[in-house]
1. List the pairs whose first member sits in the range 255-268 and is over 16 Å from residue 284 (Cα atoms), whose second member is of a type in the set (Gly, Ala, Ser), and whose Cβ atoms are under 6 Å apart, counting only residues at least 6 apart or on separate chains?
2. Could you please find all residues in the range 24-40 being crowded, with 22+ Cβ neighbours inside 10 Å and modelled with pLDDT of 95 or more?
3. Look through the range 214-237, keep the residues that are surrounded by fewer than 20 Cβ atoms within 10 Å (Cβ to Cβ) and at pLDDT below 95, and return whichever of them is farthest from residue 289 (Cα to Cα).
4. Go over the candidates 113, 146, 84, 77 one by one and state the one that is open to solvent by 10 Å² or more (accessible area, probe 1.4 Å), within 14 Å of the ligand (Cβ to nearest atom) and more than 21 Å from residue 330 (Cα to Cα).
5. Take the residues in the range 47-59 that are touching a residue at least 60 places away in the same chain (Cβ under 8 Å) and under 15 Å from the mean Cα position of the chain (by Cα); name whichever of them is nearest to the ligand (Cβ to nearest atom).
6. Going through the range 99-110 one residue at a time, which ones are open to solvent by less than 10 Å² (accessible area, probe 1.4 Å) and within 14 Å of the ligand (Cβ to nearest atom)?
7. Can you tell which of 243, 251 is free of Cβ contacts under 8 Å to residues at least 12 places away in the same chain and not in a helix (DSSP H, G or I)?
8. I'd like the full set of residues that are under 30 Å from residue 25 (Cα atoms) and not in a helix (DSSP H, G or I), limited to the range 283-331.
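The values are calculated or read from the model by the stated rules, or taken from the named source; none is laboratory data. These numbers come from a predicted model, not from an experiment. FYI the Cβ positions are ideal-geometry reconstructions off the backbone, even for glycines, and counts take in every protein chain you see. The area values use the complete protein model at the heavy-atom level, side chains included, leaving out ligands, DNA and RNA. Shrake-Rupley method; radii C 1.70, N 1.55, O 1.52, S 1.80 Å.
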Amino acid sequence: MTITTARPATAADHGTDPEHPAGRRVLTGDRPTGPLHLGHYFGTLRNRVRLQRQGAELFVVVADYQVITDRDIADRLAEHSENLVIDYLATGLDPESATIFAHSAVPALNQLLLPFLSLVSIAELGRNPTVKDEIAHSRQSAVSGLMFTYPVHQAADILFCKADLVPVGQDQLPHLEVARTVARRFNERYGAGIFPRPRALLSAAPLLPGTDGSKMSKSRGNAIALAADEDETARLVRGATTDADRRITYDPAGRPGVAGLLLLAALCQDRDPGQLAEEIGDGGAAALKRTVTEAVNEHLRPIRARRAELAADRGHIRQVLRAGAERANAVADATLAEVRAAMGAVGSA
Ligand code: TRP
């Protein structure tokens, strides 16, 4: 068996802005483990909606099989999956043109995992830095085979629809590299140009810290959910870590807590965090927190109102997922047929 090493990614492989979004196919997704928060919103959700408005064709995967990589049981899976769709639609994704689906509902996508697994070595799977990090933070006593192989499954998410752009955060770049490697090796091994090499689209927004100054993440308890109400938002911001210096300045390295709050308000108001700091001046942490709470609640008000409407009609949400699965299945069936034909499988078309 020969497995050639991937060429390391260069800056040109990935970008923050696609030149021509119209006509491009974009795939991205999330694990249905809980409500999406402002980190997701500024990091990727807004980007997706922008790409859709610019004419890109979106595929969004509710990555339900990926939930059981770092835990034994996918807790309240249906509820979390539906809430994810509610968050998507509330922030502006249009289900008429975007294909929103759960990957467990698309058998042909999952079947791609088998030939794809033959294209990567155990050593490569073990080297993936994001997987290593997840193992370090996992609450499981034993690491499952899925923990090591899910990046290849994620390659199937990306390649089944031949996506050319994948809007993701920095932590997903190793997975994107796996997808690129699988695409290249499949084409080389079977002499078929079936798969394009997908590119990552990194968010232009800086990484959003949570209310304790470290990366916003549900598991750290420092996140403000899109679904949180105004009082809960106020409470979370009030509890945020700041410092004793009354004069507010924007200094991400020296004052991560204060800088995180400034960034959050600045993103909500589409302005510069340094300027905002000057405006608050000697107002101290109390004035800063008041500003942040107002900025977040104001920005999210229409999204939360739309969220509440959507949440009242679960039947509609399930219908969106059914229609998405139907479209995704048609695309996955066609790709799998190409793959089987390239491999010379008996009974293929
Ligand atoms: N791994 C991603 C996350 O944890 C979710 C995901 C699954 C994904 N499949 C994908 C992201 C395909 C981009 C492309 O958030």
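1. Within 6 Å, the pairs are 268/295.
2. 26, 27, 28, 29, 32, 36, 37, 38
3. Going through the range 214-237, the residues surrounded by fewer than 20 Cβ atoms within 10 Å (Cβ to Cβ) turn out to be 214-215, 217-221, 229-232, 234-235.
Applying the additional criterion that residues be at pLDDT below 95 yields 214-215, 217-221.
Working: 214: 17, 215: 18, 217: 20, 218: 21, 219: 23, 220: 20, 221: 18 Å.
Step by step, filter the range 214-237, then rank; the result is 219.
4. Numbers: 113 fails: more than 21 Å from residue 330 (Cα to Cα); 84 fails: open to solvent by 10 Å² or more (accessible area, probe 1.4 Å); 77 fails: within 14 Å of the ligand (Cβ to nearest atom).
Result of the check over 113, 146, 84, 77: 146.
5. Taking the range 47-59 first, the residues touching a residue at least 60 places away in the same chain (Cβ under 8 Å) are 47-48, 51, 56, 59.
Of the ones still in play, those that are also under 15 Å from the mean Cα position of the chain (by Cα) are 47-48, 51, 59.
On the way: 47: 12, 48: 11, 51: 13, 59: 9 Å.
That would be 59.
6. To start, the set of residues in the range 99-110 that are open to solvent by less than 10 Å² (accessible area, probe 1.4 Å) comprises 99-101, 103, 106, 108-109.
Answer for the range 99-110, where residues must be open to solvent by less than 10 Å² (accessible area, probe 1.4 Å) and within 14 Å of the ligand (Cβ to nearest atom): 99, 100, 101, 103, 106, 109.
7. Numbers: 243 fails: free of Cβ contacts under 8 Å to residues at least 12 places away in the same chain.
Selected residue: 251, the only one of 243, 251 that is free of Cβ contacts under 8 Å to residues at least 12 places away in the same chain and not in a helix (DSSP H, G or I).
8. Listed by number, the list holds a single entry, 313.
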